[in-house]
Amino acid sequence: MSISTSHSAKHWPLQGLYIVTPDWDDTELLLAKTEQALKGGATLVQYRHKTADAALRREQAGALLQLCRRYATPLIINDYVELCLVLDADGIHVGGTDAGVAAVRALVGADKIVGASCYGTLQLARDAAKAGATYVAFGGFYPSRVKQYDFKTAPEIVAQAKQEIALPVVVIGGMTQENCRPLIAQGADMVAAISSVYMTEDAEHAARQFAALL
């Protein structure tokens, strides 16, 4: 697989540890921790920074994309479709308050990954699948140090989604190497983690522990 060009979404193996960046302004630290996680076996990276200005987002996303290319790992941009297109990143992740999946798919074309947050609602996942999503994400399942959820997702939704929807299922929300196990047992394809990787002393070791489970 060439790592210098974009890839059709269907060619990426969407399974394993999915790391999501914290709101860090320190680009050097962000890159260092991300590289450690990639060395540990992370298979998907999402750039998410809710408080950065446009210049910092462009700088960090561009640097992360170069890093991910070296590791033949796709980079997903959270929310910012234009940034995804300008950088030619590998995909976009949209949430319930973002542009709809169908509109985003029309903008980015068939070859990009389009992920959709479905929270705790199976119908959102059904709708996202019909609209052209590449994967569906459920959560939060557990209390998170990074993102506050005003609801709790029932674990049974994973097995239900796997029965109905022919797409990879991502689980997110307070994920640790221990509490993700029941969700993997129900069929989760990817575990998305922020603090359990980025906020550890050894991100490579943390990523390797997650990867071993998946």
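Observations on the model:
- Check: the stretch 28-169 dipole with +1 on Lys, Arg Cβ and -1 on Asp, Glu Cβ, in debye: 280 debye
- With each label modelled as a point 7 angstrom along the Cα→C-beta vector, the residue 178-residue 156 pair spans 2.6 nm.
- Rounded to the nearest 500, the helix-only mean residue ellipticity at 222 nm of the chain stands at -11000 deg cm²/dmol, with each DSSP H run of n ≥ 4 adding -39,500 (n - 2.57).
- Each peptide among 31-40, 129-138, 65-74 gets the average number of other Cβ atoms lying within 10 Å of its residues, and from highest to lowest they stand as 129-138, 31-40, 65-74.
- Protein accessible area in the chain, 1.4 Å probe - carbon and sulfur %: 52 percent
- Prolate/oblate/rounded label for the chain (Cα gyration tensor, a/c 1.5): rounded
- Judged by the mean number of other Cβ atoms found within 10 Å, the most tightly packed of the peptides 77-85, 199-207 leads the ranking 77-85, 199-207.
- Our estimate of slack between residue 23 and residue 201, defined as 0.36 nm per intervening residue step minus the Cα-Cα distance, is 62.3 nm.
- When the charge dipole of the chain is built from unit charges on Cβ atoms (+1 for Lys and Arg, -1 for Asp and Glu) and taken about the Cα centre, the candidate among 38, 129, 74 whose Cα reaches farthest toward its positive end is 129.
- Shape category assigned to the stretch 2-91 from the gyration tensor of Cα positions, a/c cut at 1.5: oblate
- Think of the stretch 45-107 as a dipole: +1 on every Lys or Arg Cβ, -1 on every Asp or Glu Cβ, centred on the Cα centre; then among 87, 63, 107, 63 lies furthest on the positive end.
- In this label model, residue 50 and residue 211 are separated by 2.9 nm, measuring between points 7 Å along each Cα→Cβ vector.
- Mean separation of Cα contacts under 8 Å, 6 or more apart, over the residue count of the stretch 46-189: relative contact order %: 15 percent
The values are calculated or read from the model by the stated rules, or taken from the named source; none is laboratory data. It should be emphasised that the depicted structure is a prediction, and the values quoted were computed from it without experimental measurement. Glycine gets a Cβ as well: all are built from the backbone with ideal geometry, and neighbour counts include every protein chain shown. All accessible areas refer to the heavy atoms of the entire protein, side chains included, with ligands and DNA or RNA removed. Shrake-Rupley method; radii C 1.70, N 1.55, O 1.52, S 1.80 Å.
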